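Structure first, then comments.
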Amino acid sequence: MSAHNNSLMPSFRRPPSCVAIRRAPNYQIDLAALLDETLREFDLKVQGISVLLKPNFVEPDPQGVINTHPALVAAARECFLRMGARSVIVAEGPGHERDTEGILETNRLRHYLGPLAGKFVDLNLDDVRLVPTRTRASGVKELYLPRTVLEAGFVVSMPKLKTHHWAGVTLSLKNMFGIVPGNCYGWPKNALHWAGLTQSILDINSTVRPDFAIVDGIVGMEGNGPLQGDAKPCGLLVAGNDPVAVDATCARIMGLVPERIDYLAQAGLLLGHLKRENIRELGEAPESVRTCFAVLDEFKRLRSEHAHS
Amino acid sequence: MPERSPENTLGGQPLLERVCVPVLLGAQNADGGWGYRNGGQSAVEPTSWVLLALKEVEESTSREVEKPRTVQLLNFSTPQLLNSFNAGVRWLRESQLSNGSWPSFAGQPRGCWVTAAASLALYTHRDSPDRVARGLHWLVETWPVEGRLWRRIGAKLLRRDRVVRMDLSLRGWSWTPGTASWVEPTSCALIAFHHIPQELHPRGAVRRRRLAERMLYDRMCPGGGWNSGNPLVYGAAGVPRIGPTVWALLALQDYRDRPETRGSLDWLEQAYSQIQGPGSLALAHLCLLLYNRPVPALEPSLAALNSNNQFLGDTLVAAWAAMALGGIPRWLSPEIRG
């Protein structure tokens, strides 16, 4: 089970992480080729394994600025199948909206993947198992989690590059909120908000730490994200084998200081690398692609000096 | 109840008979309950809605036996349905917790929002009025937490009113205990109280209902319609969504002349043609029927959506589709109320 292969390890004992930044000007390019080239740099062991792709599908999004773009999801599916994965399932449990099929159809996922039966699992409606959390930051000792996630051999978090009006940013760690099943916690998964957003993000990711992350930064969102912000075209894909390192790198690209983002700072203690010296960067350097994101007043303290200048 | 018309059939068989009923009957587990998907663990919410849907199907079938047949009769027998009902009702009865609530899945220790649907299903099957009353009692006794005095003081001190706009003194029902009020669980509870007769209501039910109705109007998006329950965040108006709007309108049918209700119906009517999810389409159709708004025939659109992804195997969607294809179900009928 993916959930138990990794996770908690102090930074000084963890080997360096690897994050790739690639330019991708739009969704019409050959994303599968770009992703294939990128993934092969990581020597991922997915042969014969069931892979679960967890995109960020939140709401019906006809403008394509809220959700992970389906072209990228389809490209990732194709790549992992090419790499010998036994199966590749796309799975998501939207946080506010019960009509998952409506979201998928508005998002045109079927257009890219073909009929979704057998390829997509609604995690909000999946069978569940009670699992002890591996950290207790929120005080929650056990979580009901979907069987499909717990049985996956390799979990890939696929968020969109966005600001978030409660957490500062929403990237590969926050995206894992979507694995928590609505059929036990509701729409939204309000029990976790009451337990503490930052703390819940840590507990979920310590219990099911994604094995890999691919961030859709081709068009991101700035300002009052994750739903009502403005589109932010960045033309980037960010991928890596450590979700904390990927999120920290994304924050740097957005002109934010990862150490100032509460949940990232805490995740950097045990879940992955936050410091740049522990992250091997492939492709573009973050400063060469930095695109400062507008943030709400509450989050201006997260900005780096570069962003101010 | 609208009769099935020839244009409501595809391939010689109506969708109800061709898809919905076989899916529902075929998805029943050996323990008597239904999962969210065929073969999934039995869960209270799908079991309740499937029981409600099959009851409607059974009643409309009984009525059709007595009148000239314009379409082929549903291809299953009443004893088969009755066996299915009995096993489902038994499963539902056994999953009730000692405090009267129902959890999402049997064996879980805490009750939640599904208590409203379970109470409604048991009542509709004329089973265990004492259990129904205990379910309603739990609903009346279980308060969401946001309106507690110290929470309201905390929200004032933290200037939360700058972030979200809502009156925290108005409370409905939460998804799970210890959390805040949201539109859908509040609406489901109100629907249960609306349909189940008052002799089964506990003391305090009237006050809870009135407060919850006010809470729903408070959480309406500016301009009409509802989302999950955040009408305004950081000054930005929330975008209404089909599901919450339908549930809220179903719960507020006693207030059909209020401008907010009419405005929300207008929004729903306009949004109807853009609906791409079969569950939302079925519910929106029911809602517009209930309010006597013009609505196009459901079957062709629903059949087209079913051909996309076979409803993703979602039992709830099949149940809601079955109900919507049959017209206004008894649990929503304005003539029958608690």
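By what distance, in whole Å, do the Cα atoms of segment A:131-242 stretch along each of the three principal axes, largest value first?
Principal extents (Cα only, largest first): 39, 30, 23 Å.
Once the mean 1/r over all distinct Cα pairs of segment A:186-309 is inverted, what Kirkwood radius in angstroms do you read off?
15.3 Å
For the pairs A:K54/A:K300; A:K45/A:K162; A:K54/A:K232; A:K45/A:K119, flag any whose C-alpha to C-alpha distance is greater than 26 Å.
A:K54/A:K300; A:K45/A:K162
Can you give me the convex hull volume of the Cα atoms of chain A, divided per residue and expressed in Å³?
Measuring per residue, one finds 114 Å³ for the Cα hull of chain A.
With r as the distance between the Cβ atoms of A:R276 and A:V131 and R0 = 30 Å, compute the FRET efficiency 1/(1 + (r/R0)^6) and round to 0.05.
So, using R0 = 30 Å, E works out to roughly 0.35.
Ranked highest first by average number of other Cβ atoms within 10 Å, how do A:23-36, B:229-242, B:259-272 line up?
Output ranking for A:23-36, B:229-242, B:259-272: B:229-242, B:259-272, A:23-36.
Report the residues of segment A:123-142 in range of a label on A:S87: point 7 Å along Cα→C-beta, backbone N strictly under 15 Å from it.
Correct set: A:123, A:126-127.
Quick one: P(r) of segment A:53-114 from all Cα-Cα pairs, 5 Å bins, percents rounded to integers, in order of increasing distance.
In whole percents, the pair-distance histogram is 4, 19, 30, 25, 12, 7, 3.
What whole-number value in cubic angstrom gives the convex hull volume per residue for the C-alpha atoms of segment A:264-309?
107 Å³
Take the alpha carbon atoms of the protein assembly as shown, find their radius of gyration, then divide it by 2.2 N^0.38 Å using N residues; give the quotient.
Cα Rg divided by the expected 2.2 N^0.38 Å: 0.96.
Taking Rh as the Kirkwood radius, which is the inverse of the mean 1/r over Cα pairs, what is the Rg/Rh value for segment A:1-70?
Rg/Rh for segment A:1-70 comes to 1.02.
Using the alpha-carbon centroid of each, what span in Å lies between segment A:261-306 and segment A:23-85?
Cα centres, segment A:261-306 to segment A:23-85: 23 Å.
Can you give the Kirkwood hydrodynamic radius for segment A:182-248, in Å, rounded to one decimal and based on Cα pairs?
14.0 Å
For the peptides B:211-221, B:190-200, what is the packing order when you average, over each peptide's residues, the other Cβ atoms within 10 Å and list the highest mean first?
Result, highest mean first: B:211-221, B:190-200.
Grab the DSSP H runs of chain A that are 4 residues or longer, score each as -39,500 (n - 2.57), total them, divide by all residues and round the 222 nm result to the nearest 500 deg cm²/dmol.
About -7000 deg cm²/dmol.
So what's segment A:77-195 giving for Rg/Rh, alpha carbon basis, Kirkwood Rh from the mean inverse pair distance?
Rg/Rh for segment A:77-195 comes to 0.96.
Regarding segment B:213-258, what is the average projected area of its C-alpha convex hull, in nm²?
3.1 nm²
Using a 10 Å cut-off around each Cβ of peptide A:91-104, what is the average number of partner chain Cβ atoms that fall inside?
6
Tell me the label-point distance for the pair B:L232, A:E287, using the 7 Å Cα-to-Cβ offset, in nm and rounded to one decimal.
4.5 nm
Within a 10 angstrom radius of each residue's Cβ in B:124-133, how many Cβ atoms of other chains show up on average? Whole number is fine.
0
Would you mind computing Rg(Cα) / (2.2 N^0.38 Å) for segment A:131-186, counting N as its residues?
For segment A:131-186, the normalised Cα radius of gyration is 1.25.
Work out the mean other chain Cβ neighbour count within 10 Å for the residues of B:179-187 and drop it here as an integer.
3
Find the Rg to Rh ratio for segment A:1-130, where Rh is the Kirkwood radius over alpha-carbon pairs and Rg uses the same atoms.
Taking Rh as the inverse mean 1/r over Cα pairs, Rg/Rh reads 0.98.
What is the list of residues in segment A:99-123 whose amide nitrogen lies under 15 Å from a point 7 angstrom out from the Cα of B:A304, following Cα to Cβ?
Answer for segment A:99-123: A:105-106.
What ranking, highest mean first, results for peptides A:278-291, B:17-30, B:117-130 when packing means the other Cβ atoms within 10 Å averaged over each residue?
Those peptides, ordered most packed to least, come out B:117-130, B:17-30, A:278-291.
Once you place label points 7 Å from the Cα toward the Cβ at A:F12 and A:H193, how far apart are they in nm?
According to this spin-label approximation, the distance is 4.0 nm.
Please state, to two decimals, what the Cα-based radius of gyration of segment B:163-269 comes to when divided by 2.2 N^0.38 Å (N = residues).
1.03
Probe radius 1.4 Å, ligands and nucleic acids left out: can you give me the accessible area buried at the A-B interface, summed over both chains, in Å² to the nearest hundred?
Heavy-atom accessible area buried at this interface is about 3500 Å².
The values are calculated or read from the model by the stated rules, or taken from the named source; none is laboratory data. The shown structure was predicted, so the numbers you read here are calculated from the model rather than taken from an experiment. Counting neighbours? That spans all protein chains shown, and the Cβs are built from the backbone with ideal geometry, glycine included. Heads up: the accessible areas ignore ligands, DNA and RNA and are worked out on the full protein's heavy atoms, side chains in. Shrake-Rupley method; radii C 1.70, N 1.55, O 1.52, S 1.80 Å.
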